[in-house]
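Sharing a structure, written as structure tokens. Questions coming.
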Amino acid sequence: MDENRGLTDAIGRQFEYLRLSLTDVCNFRCTYCLPEGYRKVHGRSHPLSIAETIRAVRAFARLGLWKVRLTGGEPTLRSDFTQIARAIAAVPGIRQLAMTTNGYRLAEYARAWRDAGISTINISVDSLDPARFAAITGHDRLAEVLRGVSAAQAAGFDSVKLNAVLMRGVNDDELVAMIDFVAAHDLSLRFIEVMRTNDNVAFFGKRHLAGTAVVDQLKAAGWQRLPRLPGAGPAVEYAHPAAKGRIGIIAPYSPDFCASCNRLRLSSEGKLHLCLFGDGGIDLRPLLQGDDENALVAQIVKLTATKAPAHRLHMGDSGATPHLASIGG
């Protein structure tokens, strides 16, 4: 096992990016993910401890993964969130620590999280209309979340991005307004296609809108595609010479979406998910509770080699994923 070669799968994709779920719990009730709110799953074990989490990150860092994103559920529901972030940021080899949040605590804690070592932040903002935001998320908190966005900018994060799930007949009429908002601010906006999961089949059929609809509008308005940056996530980015911000499109139903995959996922229970829509996670927790880091590294290498070339969403197969909060989106 040559760790200097980095972590690759059987078709040569190299992995630099770990999406680390800290909890599957979320306090929002987003229509596309948890419309009935979070419900505790019987038999689910408690989330990884800080010690287990750091063992995992150290092992992945040994294999060349240098970017970690803290996600959930809503990761900031962990009372030890800031402590976890600080510990991960100190792991040798980790060059970028990111987080994704619904923003409900952001106005208060943005500075503390930046000081803990988080450098980039993604915030879910599915609508700029307060009533519609409340209808989508179950919370009338748009003003609070936007204050958090401003606080994140003031705190000096290297990158502040907004995530918006694109839904037919829900927020697709806001495309122009949202693009104009980003054009006037130093922000990036990610339009994300609704993804089919086992819990939202009917919703997906009614609300899915292809990301190409946004791409066509952007190109018509003079936006230009940007080169992919090292360690970047799945978004295809666009910029405009007259715009301060950027627009990204995450379109998992587009051809060859999986060809550039560079990320692995670790659930809050310590299960390695090779794909968001795979057939389930492989339990690493017994190794995370021990001291044999070499065995953990070897197991990660062995499992990653079995990663499938692509998801099966086009065949209506979401794998074992009940909803996005269960793994980390």
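Run through the DSSP bridge list for segment 1-147 and note the antiparallel percent, rounded to the nearest 5. Present the calculation step by step, with values, prior to reporting the outcome.
Details: 2 of 15 bridges.
Taking every DSSP beta bridge with both residues in segment 1-147, the antiparallel ones total about 15 percent.
Please state the relative contact order of segment 66-132 as a whole percent: Cα pairs under 8 Å, 6+ residues apart?
With pairs under 8 Å counted, the relative contact order is 37 percent.
When DSSP assigns beta bridges and you keep just the ones with both residues in the chain, what percent turn out antiparallel, to the nearest 5?
Details: 11 of 44 bridges.
Here the share of antiparallel DSSP bridges comes out near 25 percent.
Moving on to the next point. Find, among the trypsin sites (Lys or Arg not before Pro) in segment 1-83, those assigned to loop by DSSP (not H, G, I, E, B) with at most 16 other beta-carbon atoms within 10 angstrom. Numbers along the way, then the final one.
Numbers: sites: ARG5, ARG13, ARG19, ARG29, ARG39, LYS40, ARG44, ARG55, ARG58, ARG62, LYS67, ARG69, ARG78; in loops: ARG13, ARG29, ARG39, LYS40, ARG44, ARG78.
Qualifying residues, ordered by number: ARG29, ARG39, LYS40, ARG44.
Considering only segment 168-299, what is the antiparallel percent among its DSSP beta bridges, to the nearest 5? Provide the component values of the computation, followed by the final result.
Numbers: 9 of 14 bridges.
Bridges in segment 168-299 are about 65 percent antiparallel.
Moving on to the next point. Would you kindly derive the ³J(HN,Hα) couplings of segment 52-69 from the backbone phi angles with the Karplus curve 6.51 cos²θ - 1.76 cosθ + 1.60 (θ = phi - 60°), listing them in order in whole Hz, with x for Gly and Pro?
5, 4, 5, 4, 5, 5, 4, 5, 5, 5, 4, 9, x, 6, 10, 10, 10, 10
Where a Cα-Cα gap under 25 Å defines reach, which lysines qualify for LYS161, not counting those fewer than 8 residues away within the same chain?
LYS67, LYS219, LYS244
Related question: What does the net charge come to around TRP223 if you take all other residues with beta carbon closer than 10 Å to its beta carbon, with K and R at +1 and D and E at -1?
Numbers: positive: LYS219, ARG225, ARG246; negative: GLU237.
Here the charged neighbours net out to +2.
Return the Cα extents of segment 104-199 along principal axes one, two and three, sorted largest first, each rounded to a whole Å.
On the principal axes, segment 104-199 reaches 40, 31, 24 Å in Cα extent.
Among rounded, prolate and oblate, which fits the chain when a ≥ b ≥ c are the square roots of the eigenvalues of its C-alpha gyration tensor, a/c under 1.5 means rounded, and a/b larger than b/c means prolate? Kindly include the intermediate steps, with their values, before the conclusion.
Numbers: a/c = 1.43, a/b = 1.35, b/c = 1.05.
Rounded.
R0 = 30 Å: FRET efficiency of ARG132 with ALA298, Cβ-based, nearest 0.05? The partial results should precede the final answer.
Numbers: r = 49 Å, r/R0 = 1.64.
So, using R0 = 30 Å, E works out to roughly 0.05.
Right, another one. Need the list of lysines near LYS302 for cross-linking: C-alpha distance under 19 angstrom, and skip anything on the same chain fewer than eight residues off.
Filter leaves LYS271.
Can you check what the net charge comes to around ALA116, using other residues whose Cβ is under 15 Å from the Cβ of ALA116 (Lys, Arg +1; Asp, Glu -1)?
Values: positive: ARG69, ARG78, ARG86, ARG105, ARG111, ARG114; negative: ASP80, GLU108, ASP115, ASP158.
Spelling it out: positives minus negatives among the neighbours equals +2.
Counting only C-alpha contacts under 8 Å and six or more residues apart, can you give the relative contact order of segment 137-274 as a whole percent? Could the numbers behind the result be given before it?
Details: 174 pairs, mean separation 30.7, N = 138.
Reported as a whole number, the value is 22 percent.
Taking the Cβ of VAL170 as the center, what net charge do the other residues with Cβ under 12 Å away carry, scoring Lys and Arg +1 and Asp and Glu -1? Can you show the working numbers first?
Details: positive: ARG132, ARG168, LYS206, ARG207; negative: ASP126, ASP129, ASP172, ASP173, GLU174.
So the surrounding residues net to -1.
If I take every Cα pair under 8 Å that is 6 or more residues apart in the chain, average their sequence separation and divide by the length, what percent do I get for the relative contact order? Don't skip to the end; give the middle numbers.
Details: 665 pairs, mean separation 71.6, N = 329.
Relative contact order of the chain: 22 percent.
Skip the ligands, DNA and RNA, and give the accessible area per residue of the chain with a 1.4 Å probe, whole Å². Don't jump to the answer; show the numbers that get you there.
On the way: 14160 Å² over 329 residues.
In whole numbers, the chain has 43 Å² accessible per residue.
The values are calculated or read from the model by the stated rules, or taken from the named source; none is laboratory data. Note that the coordinates shown come from a computational prediction; the quantities given were computed from them, not determined experimentally. Cβ sites come from the backbone with ideal geometry, for glycine too, and all protein chains shown count toward neighbours. With ligands, DNA and RNA removed, areas are computed over all heavy atoms of the protein, side chains included. Shrake-Rupley method; radii C 1.70, N 1.55, O 1.52, S 1.80 Å.
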